[in-house]
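Undergrad: Submitted below is the structure of interest, expressed as structure tokens.
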Amino acid sequence: MTLLRAVVFGALGALWGFALWAWPRLPQTVPVHFGADGAPDRWASASPTSWFALPVVALLLNVMMIVATRWLAAGPERVKLAGGATAADLPAAQRDRVVGVTIGTLLLVQGFTNLVFLIIQWAQFRSAQGADSSGLIQAVLLSGLLSGPVLIVAHFLRLRKAVESLRSSR
């Protein structure tokens, strides 16, 4: 999980690093919204508010995810399972594994969100410079549509595998 945390916070650091690097290189206007076709459809003057909004939102989301993962780790009864059970109802080894898998899934979501925000910021910069970034935005839209179901299925498969491996080791 240490490697996953490094990737999560590395992506957040890359987002902030890129935003700070690009700031003095921005023209007077920057795109602040993209349409479904990936083309910018709303522009604003380049200001700290318009340019750094995405990194600030990413930072706040990361703080919320840190709080959520610590909250879950501190109370296994907060991890709900099928049939009304909670992770606290499991034997210690299973409980720790289920809570770990749940926290790992949240870290994957956090890392994915940071990478998506980095790609959007890069697309904003490219569009502000006059380059076509529609492919980047369309990739973000597609990955956003697919990531939810994929992450949910992956989470439940990881949970099932964790519980089954603990059952078979008894």
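The values are calculated or read from the model by the stated rules, or taken from the named source; none is laboratory data. Keep in mind that this is a model prediction, so the values were computed, not measured. Here the Cβ is made from the backbone with ideal geometry for all residues, glycine too, and neighbour counts use every protein chain on show. Only protein heavy atoms, including side chains, enter the accessible area calculation; ligands, DNA and RNA are left aside. Shrake-Rupley method; radii C 1.70, N 1.55, O 1.52, S 1.80 Å.
Undergrad: Among Val79, Ile152, Ala68, pick out the residue whose Cα is farthest towards the positive end of the charge dipole of the chain, where Lys and Arg carry +1 and Asp and Glu carry -1 on C-beta, about the Cα centre.
TA: Among Val79, Ile152, Ala68, the one farthest towards the positive end of the dipole of the chain is Val79.
Undergrad: Going by amide H atoms built from the backbone, whose H comes under 5 Å of the H on Thr29, apart from near neighbours?
TA: Ala46
Undergrad: When the helix-only estimate is applied to the chain (DSSP H runs of n ≥ 4, each -39,500 (n - 2.57), divided by the residue count), what is the mean residue ellipticity at 222 nm, nearest 500 deg cm²/dmol?
TA: Taken over the chain, the calculation gives -25500 deg cm²/dmol.
Undergrad: Same structure again: What's the local net charge at Phe18, with K and R +1, D and E -1, over the other residues with C-beta under 12 Å away?
TA: It works out to a net charge of +2.
Undergrad: Name the residues whose placed amide hydrogens come within less than 5 Å of the amide hydrogen of Thr86, ignoring near sequence neighbours (fewer than 5 apart) on the same chain.
TA: Excluding prolines and chain starts, which carry no amide H, the hits are Leu81.
Undergrad: Just the number, please: carbon plus sulfur as a percent of the accessible area of the chain, 1.4 Å probe, no ligands or DNA/RNA counted.
TA: Using a 1.4 Å probe with all protein chains present, the chain comes out at 68 percent carbon and sulfur.
Undergrad: Here's another thing I want to ask about it. Any idea of the accessible area per residue across the chain, 1.4 Å probe, to the nearest Å²?
TA: 57 Å²
Undergrad: Under a point spin-label approximation (7 Å from Cα along Cα-to-Cβ), what is the Leu61-Arg25 distance to one decimal in nm?
TA: Roughly 2.4 nm, to one decimal.
Undergrad: Where the only charges are on Cβ atoms (+1 Lys, Arg; -1 Asp, Glu), what is the dipole of the chain about its Cα centre, to the nearest 20 debye?
TA: For the chain, the charge dipole is close to 600 debye.
Undergrad: How big is the chain in terms of Cα radius of gyration and Dmax, in angstroms?
TA: Looking at the chain, its Cα Rg and Dmax stand at 19.7, 65 Å.
Undergrad: Lys and Arg at +1, Asp and Glu at -1: add these up for the other residues within a Cβ distance under 15 Å of Val79 and post the number.
TA: +4
Undergrad: Moving on. When the Cα centres of segment 1-21 and segment 63-126 are compared, how far apart do they sit, in Å?
TA: The distance from the Cα centre of segment 1-21 to that of segment 63-126 comes to 17 Å.
Undergrad: Of Ala74, Ala22, Ala128, which has the largest mean-square fluctuation in a 10 Å C-alpha GNM of the chain?
TA: In the Gaussian network model the winner is Ala74.
Undergrad: How much FRET efficiency would the formula 1/(1 + (r/R0)^6) give for Trp71 and Phe9, where r is the Cβ-Cβ distance and R0 is 22 Å, rounded to 0.05?
TA: 0.70
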